[in-house]
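To keep things clear, I will list the structure first and then write my remarks on it.
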Amino acid sequence: MNTKWSGITLAFLLLAGTSQSGMAATSFPYADVTNQYAWAKKAIQLLTGDGVISGFGHDTFKPGLPVTRGEYLIDFWKLVSPKKKPVANLQIFSDVRPNNPNFNYVGAAYDLGWIHDAWLYVSPGYAFHANYHLSFSDASSILVAYLLQQSTAFSTLGEAPLVWTKAHGFFQGIPDISTSLYMNRADVAVLLANVKTYLNITHSSTVTQTVYGGKG
């Protein structure tokens, strides 16, 4: 664990030390990620290259745009399960129906235990609120629930997901963490880049389709 956290810190220090000219030399793809969001450029470029996140066309990324719960869950899935495309066959939440773009991701994530009812204030048969703005607490809850499912040895030692995630460096590099309740696209890019470092994720173009039944 300590080695992994040191990896996150090192990755952030390298990112923070990257010059603007160095970023330009690697053909940064988005014209609207201005100096105001220089702290997120490396993460945005990294995750765009991995196919985890994407822009909106016309060289725009809209870094200040709020992220919804559903959008984050899709991006998180693409990061941690890049070789699996989720296909859910049961509707878990009343407001996430089969024609909803979040349907497969929400259903599969719930089936895998990445959605903790109490932490996200949701319950099967009721609303998931996929269009709600993603809070730092929401993002932490999904991350910690995922980590709990990956290893029986993982524990937060009773700390709330947001407290644990902050304390262990996952929001490192995000300047407005102390003043903002909700996350924008630049914030999410940095968080996911830190998760990628922690989990040592590599990406592949090979994608398989996986069906999840849902807990119903």
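Brief remarks on what is shown
- Residues whose amide H comes within less than 5 Å of that of Y126, counting only those at least five positions distant or on another chain, are S94 (H built at 1.01 Å from N in the peptide plane).
- Residue-normalised accessible area of region 81-195, given per residue in Å² at a 1.4 Å probe: 45
- For the peptides 158-165, 145-152, 70-77, 175-182, the ranking by mean Cβ contacts within 10 Å, running from highest to lowest, is 70-77, 158-165, 145-152, 175-182.
- Entry note: region 82-161 has Rg to Rh equal to 0.97, where both radii use alpha-carbon atoms and Rh is the Kirkwood radius.
- Pairs exceeding 20 Å between alpha-carbon atoms, taken from K83/K196; K78/K196; K42/K83: K42/K83.
- Centroid-to-centroid, using Cα positions, region 31-56 and region 108-183 are 22 Å apart.
- Full-stretch length increase - S27, V87 - with 0.36 nm per residue and alpha-carbon distance subtracted: 18.1 nm
- Cα-Cα P(r), region 64-216, percent of pairs per 10 Å interval: 11, 42, 37, 10, 0
The values are calculated or read from the model by the stated rules, or taken from the named source; none is laboratory data. What you see is a predicted model, and the numbers here were worked out from it, not measured in a lab. Don't worry about glycine lacking a Cβ; one is built from the backbone with ideal geometry, like all the others, and counts go over all protein chains shown. Areas reflect the complete protein model, heavy atoms only, side chains present, ligands, DNA and RNA absent. Shrake-Rupley method; radii C 1.70, N 1.55, O 1.52, S 1.80 Å.
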